[in-house]
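Any read-out appearing in this document is the output of simple, stated calculations on the displayed coordinates, not a laboratory observation. For clarity, every value in this text was computed on a predicted model and none was experimentally measured. Here Cβ is always computed from backbone atoms with ideal geometry, including for glycine, and neighbour counts include all displayed protein chains.
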Amino acid sequence: MKIAVDAMGGDHGPAPAVEGAIQAAQEYDVGVILVGDEAQLRDQLTRTHCTDPRITVHHAPQVVGMHESPAQIARKKRDSSIWIATELVQSGAAQAVVSSGNTGASVVSAIFLLDRIKG
């Protein structure tokens with residue numbers, strides 16, 4: 001199983017997401033795709049001395065801030081970490097997406113890219 005992680009969405013930068021990815025890979029034997037600014041994510045992985053091949057990085061140049069309107073994500077933030085992480089699920093490259101960022105942006109990206117469950 002691979003999990004796409006919006007590593008730029010939280011209040012404290014990518015460090016907690018990277019630490020969580022390392023822990024998840026070790027404890028649950030899952031693959032993790034960290035989505036966000038590649039330079040920042042690789043720097044954080046280097047700082048933690050992580051060389052685990054189950055953890056990869058997928059570049060996303062934009063971030064959705066906590067106070068941004070979720071309605072704008074589909075129009076103006078298709079290069080954001082949450083949008084791209086959700087696209088990875090849509091394409092089958094990942095089986096789940098996780099974000100500690102803007103909840104509305106997470107919902108909007110899921111509705112646009114993954115649709116809704118019938119019922």
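How would you classify the chain from its alpha-carbon gyration tensor, with a ≥ b ≥ c the square roots of the eigenvalues: rounded for a/c under 1.5, else prolate if a/b is greater than b/c, otherwise oblate? Oblate shape, in that a/c is at least 1.5 and b/c is the bigger or equal ratio. Look at the dipole of the stretch 4-68 built from charges on Cβ: of 45, 32, 18, the Cα furthest out on the positive end belongs to 45. Estimated from helical segments only, the mean residue ellipticity of the chain at 222 nm is -12500 deg cm²/dmol, where each DSSP H run of four or more residues counts as -39500 (n - 2.57).
At 7 Å along the Cα-to-beta-carbon direction for both residue 42 and residue 27, put a label point, then send me their distance in nm to one decimal. Each label point lies 7 Å from its Cα, and together they span 2.9 nm. Using C-alpha pairs below 8 Å separated by at least 6 residues, the relative contact order for the chain is 32 percent.
For the stretch 2-114, the dipole from Cβ point charges (+1 on Lys and Arg, -1 on Asp and Glu) about the Cα centre works out to 320 debye, to the nearest 20.
Compared with the dominant principal axis of the Cα atoms in the chain, helix 81-91 is inclined by about 90°. Under 5 Å between amide H atoms, partner at least 5 residues away or on a different chain: which partners does residue 55 have, H built in plane at 1.01 Å? Those lying under 5 Å, H to H, from residue 55 are 32.
Subtracting the Cα-Cα distance of residue 107 and residue 12 from their residue separation scaled by 0.36 nm leaves 32.1 nm. In order along the stretch 94-101, the phi-based Karplus estimate (6.51 cos²θ - 1.76 cosθ + 1.60, θ = phi - 60°) of 3J(HN,Hα) comes to 9, 9, 8, 10, 10, 8, 9, x Hz; Gly and Pro are listed as x. Helix 15-28 and the long axis of the chain differ in direction by around 70°, with both axes built from C-alpha atoms. Relative to the longest principal axis of the Cα atoms of the chain, the long axis of helix 103-114 lies at roughly 80 degrees.
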